[in-house]
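**Q** Submitted below is the structure of interest, expressed as C-alpha cells.
Just so you know, all these numbers are worked out from the coordinates, no wet-lab data involved. Worth saying up front: this structure is predicted, and the values here are computed from it rather than measured. Methodologically, a virtual Cβ is constructed for each residue, glycine included, from the backbone with ideal geometry; neighbour enumeration extends over all protein chains shown.
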Ligand code: AMP
C-alpha cells in the first residue's frame, strides 16, 4: 500500500505561526530552526535585497520598518477600497497599495506584493521547517483561519497555501480546531466555550462536543480588540510618566516609539509571571545634547487598572454571543483559552468569576489551534473521521438598488448548506442580471465586504439560484439556466467601477455628516484608529 502523504496543521497567526503534525495519533508542534515552537509571521526585504522570514525578519524590524511586513492577516483577502483597509492603512510602518485585482497589497522594496504571496513566504518557510524536522516531503496542509473570515479571506489563505507549494486539504476555523485539540477521541458530551484573545482580535465560539462531532452553536467577536490594545495602555502610561518627569514628548520619535512598543509588550508578558517590573530604555532621547534614559516602574495591579475595561469588553461580547442563541452561561461545561493575551492573570481570574469555573488547564493557548488542525488533517478520509458542523459568522446576501443588503444566508447557519431563491429581473433594458454579493452584519452594503458579482443573461429572471457554502465556508453559486445548472464563478472579484463609485460616494457622504456632527472629528477618529495597530 502506498504511504499516506504527510500532512501538517498550520495556525497562520497575526503575530506568530505554529505548525503541528500527528505521529502515531498524537499531535505535536514542529519546532522551528531556532528550537522555538512558534515562528513570527513576519516577512522582510533586507538592505541587500534578501527575502527574510520569521525570526530574522522580526529581529531587524526596528531598523528596517518600511520593508518589514507584519500583521498580514489583517489585510489578506480584503479589497484595497474597503472601509477597514482605508481606515487602517496609515497605521502600518510599510506601505499598503492597491494590488492588480483591487485587493490590498504591500510595497516591498519598490515592488507590489499581493498579500497571499506575502503569507505564502511564511507558509513556505513553515513547510521547509516541517520537512527538515519530519525528514521528508510535506505536501498537504490544513490551515486555520479566524471564524469571522469571509469567503474572500478564506480564498486568499488557500491561495497562499498553494503558492507555498501545499495541497491545501482544508481551511478550518480556529476555534473549531482548538475544540478538536481539546476534545478529539475523548468521548465527551459537553458544551465548550473557546475564548480566543490574540494579538489583535478577540473571538468567542460556543461548541457542542458529542464524541467526535463538533458542532458550533454560536460565534462572535471583535476584530479590533487584542494584545496590542493592552500594550497601548502601557505605552500611554509610560509616555505620560516620562513627559511629566522630563518634559520630553517621545511620541514624535518613531524609533523611540518602536523601542517603547517592544518594551511595553515585554513588560506586559513579564507581569504575567512576576508582580513588578521596571521599563528601562537607556538613551531613549537627547536633551540639550545629553542622552536621556527612560525608567518607569509598573506593577501588575497598575496594569490591571489600566486594562480592566478591555477585559470587561471581552465578557460583554461573550454574553452577547450566548444571548443571541439563548444559551445559558451555566450550561458551559469548559472554557478553553486560545491566544497569547489570554495568559494574563486578570483574564484568567475574571474567567473564573464570570463563568463560575476556572479555564481548562492543559490546552496550550499558542499551540492548540495548530494541534487541532493537524488532528483534522490526519483524520481526513479515515473511518473514524471527525464531523465538524461549523457556523457562518456573518450573513451573506446581495445588494439592493437602494444600497441596502438583502440577506440570503443568516449568521450562525450551520454549514455546509444550500439556500435557494429566485433571480430578480434585470435593471431596465440590461441584457444581463447582475447580483453584487456582500458579506457582513450591516444592513447597508457600504459597511459590508464585497465578495463578487454574479452575471447571468436577463432571460434567467425568475430562475432558481443556489448559494452553496461548503465545509470550508467557501461560497459557490449555481444558477438553473436553460442548458441546466451552471456554476457561476465570482471571477471578477475586483469591485466593478460603478459600485466602487457608489460606495465611495456613500463613504464620503457619511464622513461629511460625521464631521459636521462632531466638534473634533479628527481627534475621535485618530484615537479610535490608534487602537488598531498601535502607534507605528
Ligand atoms: P497570538 O496572536 O495568539 O500569538 O497572541 C499574541 C499576543 O499575546 C501578543 O499581544 C502578546 O503580547 C500576547 N502575549 C503573549 N504571551 C503573553 C503573556 N504571557 N501574558 C500576556 N500577554 C501575552
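**Q** So what's the back-of-envelope 222 nm ellipticity for the chain, counting only DSSP H runs of four-plus at -39500 (n - 2.57) apiece and dividing by all residues, rounded to 500?
**A** The per-residue figure over the chain is -10500 deg cm²/dmol.
**Q** Can you give the FRET efficiency to the nearest 0.05 for residue 128 and residue 23, using r as the Cβ-Cβ distance and R₀ = 22 Å?
**A** It comes out at approximately 0.70.
**Q** A further question on this structure: Using alpha-carbon positions, what is the distance between the centroids of the stretch 30-104 and the stretch 227-258, in Å?
**A** 24
**Q** May I ask for the equivalent-ellipsoid semi-axes of the stretch 227-305, computed as the square root of five times each C-alpha gyration tensor eigenvalue and listed largest first in whole Å?
**A** 22, 12, 11
**Q** Using only alpha carbons, build the gyration tensor for the stretch 396-498 and give me the equivalent ellipsoid semi-axes, biggest first, whole Å.
**A** Calculated on Cα positions only, the semi-axes equal 20, 18, 12 Å.
**Q** Let me ask something additional. With labels modelled as points extended 7 Å from the Cα through the Cβ direction, what inter-label distance (nm, one decimal) is found for residue 305 paired with residue 482?
**A** My value for the distance between the label points is 7.7 nm.
**Q** Under a plain spin-label model, where a point goes 7 Å from the Cα along Cα-to-Cβ, how far apart in nm are residue 466 and residue 329?
**A** 4.3
**Q** Find the eigenvalues of the gyration tensor of the Cα atoms of the chain, then list the square roots of 5 times those eigenvalues as equivalent ellipsoid semi-axes, largest first, in whole angstrom.
**A** That gives 37, 30, 24 Å for the three semi-axes.
**Q** Using a simple spin-label model with points 7 Å from Cα along the Cα→Cβ vector, what separation in nm is obtained for residue 55 and residue 139?
**A** Distance between label points: 3.1 nm.
**Q** For a quick check: sort 206, 56 by the number of other beta carbons within 10 angstrom, fewest at the front.
**A** 56, 206
**Q** If I stretch the segment between residue 417 and residue 236 completely, what's the gain in nm (0.36 nm per residue apart, minus their alpha carbon distance), one decimal?
**A** Computed gain between residue 417 and residue 236 is 60.4 nm.
**Q** Could you work out how much longer the chain between residue 162 and residue 266 gets when fully extended? Use 0.36 nm per residue separation minus the Cα distance between them, nm to one decimal.
**A** Stretched fully, the residue 162-residue 266 segment lengthens by 33.9 nm.
**Q** Also, I was wondering about something else. If one computes the Cα centroid of the stretch 418-493 and of the stretch 134-148, what distance in Å separates the two points?
**A** So the two Cα centres are separated by 31 Å.
**Q** Post the alpha-carbon centroid distance, the stretch 155-185 to the stretch 190-226, in whole angstrom.
**A** Between the Cα centre of the stretch 155-185 and that of the stretch 190-226, the gap is 16 Å.
**Q** Between residue 458 and residue 245, what length comes free when the chain is fully extended (0.36 nm per residue of separation minus the Cα-Cα distance, one decimal in nm)?
**A** Stretched fully, the residue 458-residue 245 segment lengthens by 69.5 nm.
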